[in-house]
Each structure stands twice: as C-alpha cells, then as structure tokens.
Amino acid sequence: MRGKIGVLKGLMVACLMGTVLITFTLAGQSQEEIKWIKLWDEFGYTGATAAGPAMEKLVDAWMAKHPNIKITRSVLPAVLPMRTTIKLALTAGEAPDLFYTWPAAAVQSSFAKAGYLYDLTDAAKKYGWYERLPELSIDRNSYKGRLYGFPYEQEYMVVYYNKDLFKSLALKEPETYQEFLDQADRIKAAGYIPIAFGNKAQWSATNTLSVLLALTAGKKKEEQVLWGDARWDRPEFVDAVERFAYWADRGYFPMGFNGLGYDEANMLFFQQKAAMNVTGSWLMQDMVRETRGKFELGVFFLPSIYKDLPPSTMAGEGSEWNVWAKTRYPEEVIDFLAYLVSEENESIWITEGLLFPMADIDFSKYPDIHPVVRKMLEGGQKLRPNAVYDLHTTIPESVTFTLYSGLQAVSAKAITPEKFLKDMQKSWEESKELGEIWIP
Amino acid sequence: MSLRKIVPYFFILPGFLYFVIFMLYPIFQTVSLSFYNWDGLARTKQFIGLKNYLRLVQDPIFHVSLSHNLIWVALTIALPLLIGLILASILAGKIKGRNVFSTIYFIPHIIALVVAGTIWSWIYNPIFGLLNVVLKEIGLGHLARGWLGDPQWALISLNMVGNWTYFGFCVLIFLSFLQSVDPTVYEAAVVDGANSLQRFWHITIPALRGTIVFVTVYSTIGALKFFDLVYITTRGGPFHKTEVVSSYMFSLFLRQNRVSYAASISTVLTGIIFSLTVTILYFGWEKK
C-alpha cells in the first residue's frame, strides 16, 4: 500500500513538473513568435461613428499579412466612455498600444505634454501624412511642432430631415434662416417635434451652439476668442446663444430634452415623431440604415443668417489615432496605423464604414454612395474653409464643463445668455492662468 | 508572550493588512494630494497648501452639490426609513403571507443602482416613458413632465428611485428586530387600552431605538456618498440640479483634470460623513 502511494506521489510530482515545463516552453515560444498589439477604437455597429464593418475588415486583412502579430481589439462606444477611460489607462500605465479617441487640441496636448503619446512626426514624414492632412488638423494634433495624432474623420454639422413628412406638410428645404424657423413652427403646429434633440449627456447643445456661431460670428471672430484676447460675451456670441435659447423656448425640442439621451432623441427622428435632426455627419451610418424603408432621408446645411457672413457650418475631425508612448512594438503599431489610414484603404472606410477621411473625396469613384451622404460631404468640403470649430473638442475640459451645464441652464431659461457667456469668460481666464488653453 | 496570545493576531492580520493597504493608505494619499495642484497627468505636483480648501469654501457648485446630498439625507430618513418602519410594524403583526410581502419589498434593493437607474430612465422618458404615457391615458396628461430633464423635478424624481431601491432594506431590518420584541408587552398594552398608534409610539419605537439609529447612520452615509444613480441617469444635470458631491468629484477628477481639488472635496466629504455619524450616534444611543 505504501509503495502504491509512493508511486502515486511520484506521478503527481512528475505531472506537475511536466505541466510547468510545458507552460514555460509554450510561453517562451509565444513571446518569441507572437506579438500582441492592444487596440481600442470607437467603431461600433450602431450609434455615432458606426464604421465597425470597415474596421473589422482592415484588422483581419492586416493580421492575415502579419501572422506573427495579433491584435486584440476593444470597442468603446463613441463620445464619453473612450474619453474618460483612455485617460485612466494612460495614467495607470495600462494603455492600449493604439487607440482612437477624442478630442484633439487642448486635451491631446495635455497627454503629449505629460509624455503619454508617441511622437508620430517621423512616421508622418515617412508616410506622407503631412501632405494629406489639412493644416489646421495637423496643428490640432500637434504639440510643440511634433505630431501626436492622426485625425481620421471629416465631420460637419447638418440638418437631417424627413423628406416624406416635409412633403406631407408642403415644406421644402429652407433657403433662408427665417424660412427654417417658419417651417419649424409649422411642423410644431402639425403636432410633430420640429427638431429631435436630447441633451442629457450635455454635449449635443455644444454642437448646436457651434453651428449657430458659424452663422452669427463666423470663423475669424471665433478664432479671436479661442486664440486671441476677444471675450466670450462678445455680441456675436450672445446672438448665437440667444438663437439657441429661442429654439428651446419656441418648443422646437422634445419635452424634457435636457433629460433625454442622444440616442433616444435620434429614435424620435427614426420613428418619424420628429421632422428634423440637427446633428453631425458622424451619425450618417445610423441615418442611412435606420431610415431605409421607412422614409426618404434628406439633408441640408443651416442657411445663412447674415449676408456679410459666408455660408458656414461647424466642421471637425472626429477622433484621432494615437500611439501609446510606452508601446513595446512601436514599429509594428505604426505600420498598422499607416495601413489603416493609407490611401489604398480609404475606399474600404468609405464604402463599408461610411467614414470619410480628412481629404477631399472624389465622389466619382463612389457612384453607389447614398445621395444624402454625398450631398453632406460635398457640401461640407465646400464650407470647410469658413467652418467654425467644434467647441468642446477645442477648449480645455474645465471650460467645457462650464459650457455643458451653462447651455442646459440657458435652454431652460435659468440664466440669461449674457450670464452664461460671462461664466464662460471667467472659466476661460482661469484655464488660461493654468496654461491649459490650446493655441495652434 | 505565549503562542496562544499571539495566534489570534495572525488571524486578524490579513484583514488588517487589507484595510491598511486598500483603505487607510489611499485615504492618506488623497488627503496628501489635496494640498497640491495636480492635473492627474503631469509627472510632478505643485504644493499649494490650503488653497484647494479655500477654493472649496467659495465654490457654488460644491455648495449646491452638498445641499442636494443633505436633501437626500432628509428625504431618505423621511421616506424609506419611515415607510420601512410602518410596514415592518404591520408585517410584524399576524399577517398572512408576511414572508412573501417582505420578499417583494426587498427585491428592488437587490437590483444594482445602475440597473435601477437605467430602468427608471426609461420610465421617466418624457416622450414614451411609462409614467407620462399612463398619466395621459388616465386623463392626467397635464401632469406629464420632463422629469429627469425638468429642473424642478429632477432631484425628487431621482430620489424616488433611490427610495424605491432602499425601503425594502429598511423593512427587512426593522422586521427582523421587531420579531425579537416580547409579544406579551403588546398584549399587556392592549389590555391597558392602548390603541395601535399608542402601541407603535410607546412600545415599537423605543424597542427599535438602536436599530433606528443604525439605519439612520447607514442611510446618512449612503445618501452622502452615492454616485451611480446620478451618473447613469442625469450626470448631475440639468445644470447641476441633480449634482451631488460624488458626481462633482468624478467630473473634477476625470473630466476637468482638477485631481487635487477633487481630493480636497473627497477629504471634506469624509469629514462631514464622519461628523454626522458621530453626532447621530452620540444623540441616538441610549445612555446608561
């Protein structure tokens, strides 16, 4: 009996040693043969920037060409989760090797300043990125002259509308701002919600304000505030905020819009309860998919208000690609990034993800593109030279906090537009003292 | 020292080490951080002494947030605690299905606040939420509101959700202690002609004094530090109408890069919770 127990013990020890040996051998082999790249992006299948199909295809294609490199991909929903999660990951030293996040300008600069981002300047020179990106986008993604991000989506604020509903109400695309207001009144009188708008997450109002600033202040006057010494409570800015408050007061938005989520508000448009949706081209994937078979989708840019200001809108670059400064495989990661953003792969992003890179698109190459998408991008590209900036992707986070809550207060008539902009000025000055303001 | 005396310390050592490493040390770190200026990203911090605390004294958003927490404390004591006490008193009597009722009341408490917030966000939805739809169906459409988006109703609406998840816990705690009260005391009171209200006031309340103090302390601490319900439903909006200290801290820490200032708020909040707890315990415990 003792002998049998002894043999059993010996077998157990041998199995244990063998397991340990095999594990370390395999691990050793894995470390030598397989390189793991961690990737975080925002490309889901619904919601903002729903270019998931394109991203998945490109990741698979690149891995097929590089069998010794595996990419583990995590999709964080666009807007807020990525923005807060990536900061934690960077400061904790557990960041992904490559990530697609926002905003650029002030926030990205703070990451670059603290040494969390990999300098992409040499890669940009090698792959010709500087020739492909607009100058301002390069500025917004640089810190002290070095490039740290590659912005990858051209975005514009537009007005999507339900063409069928417009027809039934004998409405057409407005050619003037007053026509737009009159039509909104008629839509409301007919029992529909004029504009689908949900501001629970607080950033939606920022985009709406930005598009109004394009039409009351214009790019130059906005730049005087953002990079110069002009004040936030200048008359043109008050004008824009007053117009935003007017929309709210006039009942153009759904009831309780400050407690309604962005996706919930979009649903009102898809369910044909709302006639228009003033939001960005980042939603075009959902717009095309959700309206197919339900109603005919239309789009227009908000008409000019003043004759001395050129037609304009808000334009941005969506999110940008960044590489973690401490990535173990910088060459491989940059090679992968270069592949993702290469000109040869633009067609995949456009046709399969409805995502449009930062370059003038030749739509003759894409005859099957949805007409609304084409109209939106062609129009946006024409307006881009005079377009204003997306405020909350340009200003520091502390000022954005004041912007978000202030617009909720203004839309609920809790404070006046003047008070809101004075608060913005105060917040701006505090941020300036702390050196947080980004200037190109 | 004999082994017998030393051995118990070895058993409590892991728990103590856990407390020191994961609770005491972070608390000291947070307090220390509050004396610096740090954005959470820079490699170095700048010592600024008490400036963060001076700023806090003048910060209107902090004041509003704290007032919301104190309102929450008052409403939590007034509603779920009181309702829990009354329901427990009723269930402690000869009621059929007592266990079924107490289970049903407790179910909301086991739902995570994040889930509860999501569910109630849909119920409160101003367009297609159940509440407004029902109000319209029964001819009370004029009472339909934006609820979570209405500055006057947002905090109360949120508090109702919190109360809904919490009152069942109060019922259970009070019921379990009530069942230990000698029933002959109630019988004697009945013989002496005491009505139900008198029995509740003169027998039940004194008997549950310690439990009431415990639940009050527990509720106060919870009401001062809760976060998830606000974050999931309103993010502190509209324009800080549902902002509480923890949601403001979250925003300062993760969004605004005011890490040290958030640390000072955290320190002050800890002090407030500690002071209130000691006060309630001091006045609440029966002195012998």
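Since every read-out is calculated from the coordinates, none of them should be taken as a lab result. Everything numeric here is computed off the predicted structure, so don't read it as measured data. So basically every Cβ, Gly included, is an ideal-geometry build from the backbone, and we count neighbours across all protein chains shown.
Values for this structure:
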read-out	value
Kirkwood-Stokes translational diffusion coefficient of the stretch B:50-285, alpha-carbon pairs, 20 °C, 1.002 mPa s, µm²/s	108
Proximal charge balance of A:Met255 [Cβ under 14 Å; K/R count +1, D/E count -1]	+3
Kirkwood Rh and Cα Rg combined as Rg over Rh, evaluated for the stretch B:183-288	1.23
Directionally averaged projected area (convex hull, Cα atoms, the stretch B:68-154), nm²	7.7
Calculated FRET efficiency for the pair A:Ile34/A:Met12, C-beta based, R₀ 51 Å, to 0.05	0.95
Neighbouring partner chain Cβ atoms per residue of A:351-362, average, 10 Å criterion	0
Cut-off under 5 Å, modelled amide H: who pairs with A:Tyr118 long-range	A:Val323, A:Trp324, A:Ala325
Shielding by other protein chains, B:251-261, mean Cβ within 10 Å	5
Sequence-distant residues sharing a close amide H with A:Ile37 (under 5 Å, placed H)	A:Lys70, A:Ile71, A:Thr72
Calculated on alpha-carbon atoms, Rg and Dmax of chain A in Å	25.2, 103
Cross-link table A:Lys163/A:Lys200; A:Lys87/A:Lys126; A:Lys125/A:Lys200; B:Lys136/B:Lys225, entries beyond 32 Å C-alpha to C-alpha	A:Lys125/A:Lys200; B:Lys136/B:Lys225
Taking chain B and dividing mean pair separation by its residue count, relative contact order in percent (alpha carbons under 8 Å, at least six apart)	29
Within 10 Å of each Cβ in A:414-423, the average number of Cβ atoms from other chains	1
Label-point separation, B:Ser176 to B:Thr277 (7 Å along Cα→Cβ), nm	1.9
Protection proxy ranking, peptides B:119-132, A:83-96, average beta carbon neighbours within 10 Å, highest first	B:119-132, A:83-96
Dimensionless Rg ratio for the stretch A:175-232, taking C-alpha atoms and the 2.2 N^0.38 Å reference	1.47
Cross-link reach list, lysines versus A:Lys219, counting only Cα pairs under 26 Å and skipping chain neighbours closer than eight places	A:Lys144, A:Lys307, A:Lys375, A:Lys382, A:Lys419, A:Lys422, A:Lys426, A:Lys432
Highest-fluctuation residue, B:Gly117, B:Gly84, B:Gly141 considered, GNM on chain B with Cα pairs under 10 Å	B:Gly141
Counted charge near B:Arg255, where neighbours are those whose Cβ lies closer than 11 Å (Asp, Glu -1; Lys, Arg +1)	+3
Sequence-distant aspartates and glutamates (8 or more away, or on other chains) whose Cα lies within less than 20 Å of A:Lys38	A:Glu56, A:Asp60, A:Glu94, A:Asp97, A:Asp119, A:Glu320, A:Glu331, A:Glu332, A:Asp335
Förster radius 45 Å - calculated FRET efficiency between B:Lys136 and B:Arg98, Cβ distance, rounded to 0.05	0.75
Estimated FRET transfer efficiency when R0 is 45 angstrom, pair B:His63-B:Phe106 (beta carbons, to 0.05)	0.80
Ellipticity estimate at 222 nm from DSSP helix runs (n ≥ 4, -39,500 (n - 2.57)) divided over the protein assembly as shown, nearest 500	-17500 deg cm²/dmol
Descending semi-axes in whole angstrom, ellipsoid equivalent of the stretch A:152-280, from the Cα gyration tensor	27, 16, 14
For the stretch B:211-259, diffusion coefficient by Stokes-Einstein and Kirkwood Rh (Cα), 4 °C, 1.567 mPa s, µm²/s	110
5 angstrom amide H check on B:Ile48, placed H, neighbours 5+ away	B:Tyr36, B:Asn37
In nm, spacing of pseudo-spin labels at B:Ile221 and A:Asp182 (7 Å Cα→C-beta vector)	6.6
